[in-house]
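Asker: After the structure tokens below, expect a handful of questions from me.
The values are calculated or read from the model by the stated rules, or taken from the named source; none is laboratory data. Because the structure is a prediction, the values reported are computed rather than measured. For neighbour counting, all protein chains shown are included, and Cβ atoms are generated from backbone atoms with ideal geometry for every residue, glycine included.
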Amino acid sequence: MRIRLSILILMSTTFCCWTSTYSDDFDHQLKQAKDSLEDANFDGVIGLYINQQYLFWEFGAARNNPTPPEDTQVDINSITKTVTAAMVLHLVSTGKLELTTTVGEVFPEIPDDKKAITVHQLLTHTSGLRSSMGTDPEKLKKEDFLKRVARKKLRSEPGETFHYSNVGYSVLAAILEERSGLSYEEYLHTFINDVAALKSSGYDTVFDPKKGLRSRRGHDIKKVSWGGHPPYWNLIGNGGLISTPKEFLHFLQAWRAGSFGGVESFNQAIIRQTPEPAAGRYYGYGLTVQDSAHFGQSYWHDGGNNIYTALWRMYENDDRIYFTAATDNKHSDAFKAMRILITHLEPSIKPNN
């Protein structure tokens, strides 16, 4: 079961970076962060882009993997929605889809109560669709998924209110496939991989058990998150995607730079579209928008299941990006790791901003 959480923690000392040109003060902040993560017994990997440098760390159980931390495959869980939103906005930029396109236009057989749901509403969790319709490992094919969507009653009227919906993002994936003529992974690797170099990001076609972050019991992502088989439609488009710290940082940078879909794609995504239940938070397209203390708005998304957690965070007025991913440590997950990073690398910023 995928869950939407908030901001998190880190640990240990295996450390990689391209160069080391930081000030003594910043080196001290990095050391404090690593010491705090070590004390927290964090199990996972971290990717940072800060001061125009890439840094990658691994901690605890992650150090049992011979793969370098920057290339370790992790389950990004509901952060998949960030990737799906970028793909949908890219398709919009090609003219094959519009934000006002309705589900009924793409799937005419859908019942009347869902025909008017728009792509915009699916992206912003205002479609009225339920959060989920089954377990993540269920072998649910796309046609059966769409039939189930058709049968289930709406939680609210389309456009009425925010209800976080995994189902809605899988419907977006189905729309993407229908309008592009490609599978979800084919679209990712055809149009996004070319500029973001996502060689190890996707679902079953890129999964490598030798590179993946394992649970403490030694189980891999395929076993833990997908049920031991390729993912099906309770996951596709909304969760369970795998990536690496290096590739996900590159993806966010490329999207922000307009490398796929143009600059307008990212600029559309970061508009405050609809309030979330937590005060001061707004959902854009595939991400949360929230004020930060010094860097204007912050943009982020998180995700988790019973074993893996992940979170990314970036800012309006600063090029730094944080990415945290953890395995099964209930006391030291990716959210707590993020809090530690913010506390030590942005000491004047409150961790919940």
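Asker: State which residue pairs qualify: first residue in contact (Cβ under 8 Å) with a residue 12 or more places away in the chain and inside region 274-289, second residue buried (at least 21 other Cβ atoms within 10 Å of the Cβ) and part of a loop (DSSP other than H, G, I, E, B) in any location, beta carbons under 8 Å apart, and separation of 6 or more residues or different chains.
Answerer: Matching pairs, first to second residue: 274/124; 274/125; 274/126; 283/124; 283/125; 284/124; 285/124.
Asker: Scan region 161-170 and give yes if some residue there is in contact with a Leu (Cβ under 7 Å, 6 or more places away or on another chain) and of a type in the set (A, V, I, L, M), otherwise no.
Answerer: yes
Asker: Sticking with this structure for a sec: Considering 235, 213, which residue is buried (at least 21 other Cβ atoms within 10 Å of the Cβ), of a type in the set (A, V, I, L, M, F, W, C) and within 22 Å of residue 141 (Cβ to Cβ)?
Answerer: 235
Asker: Picking from 15, 26, which residue would you name as being at pLDDT below 90, part of a strand (DSSP E or B), surrounded by fewer than 17 Cβ atoms within 10 Å (Cβ to Cβ) and not β-branched (Val, Ile, Thr)?
Answerer: Within the list 15, 26, the selection yields 15.
Asker: Further question on the same structure: Could you grab me the full set of residues in region 93-111 that are in contact with a helix residue (DSSP H, G or I) (Cβ under 7 Å, 6 or more places away or on another chain) and within 17 Å of residue 267 (Cα to Cα)?
Answerer: 93, 98, 99, listed by residue number.
Asker: Considering only region 119-144, how many residues are outside any loop (DSSP other than H, G, I, E, B) and under 22 Å from the mean Cα position of the chain (by Cα)?
Answerer: Selection size over region 119-144: 6.
Asker: Inspect all residues belonging to region 307-314 and state whether any of them is crowded, with 23+ Cβ neighbours inside 10 Å and either without any contact (Cβ under 8 Å) to a residue 60 or more places away in the chain or part of a loop (DSSP other than H, G, I, E, B) (or both).
Answerer: yes
Asker: Let me ask something else. Out of the residues in region 60-79 that are closer than 30 Å to residue 165 by Cβ and of a type in the set (A, V, I, L, M), state the one that is nearest to the chain's Cα centre (by Cα).
Answerer: Applying the filter and picking the extreme gives 79.
Asker: If you don't mind, there's one more thing I want to ask. Grab the helices (runs of 4 or more DSSP H) fully contained in region 198-293, keeping just those with 3 or more residues being out of contact with any Pro (no Cβ under 9 Å at 6 or more places or on another chain), of a type outside the set (Lys, Arg) and more than 30 Å from residue 144 (Cβ to Cβ).
Answerer: So the answer is 245-257, 263-269.
Asker: Oh, and also: Out of region 185-221, which residues are under 18 Å from the mean Cα position of the chain (by Cα), closer than 13 Å to residue 90 by Cβ and of a type in the set (Ser, Thr, Tyr)?
Answerer: Across region 185-221, the qualifying residue is only 187.
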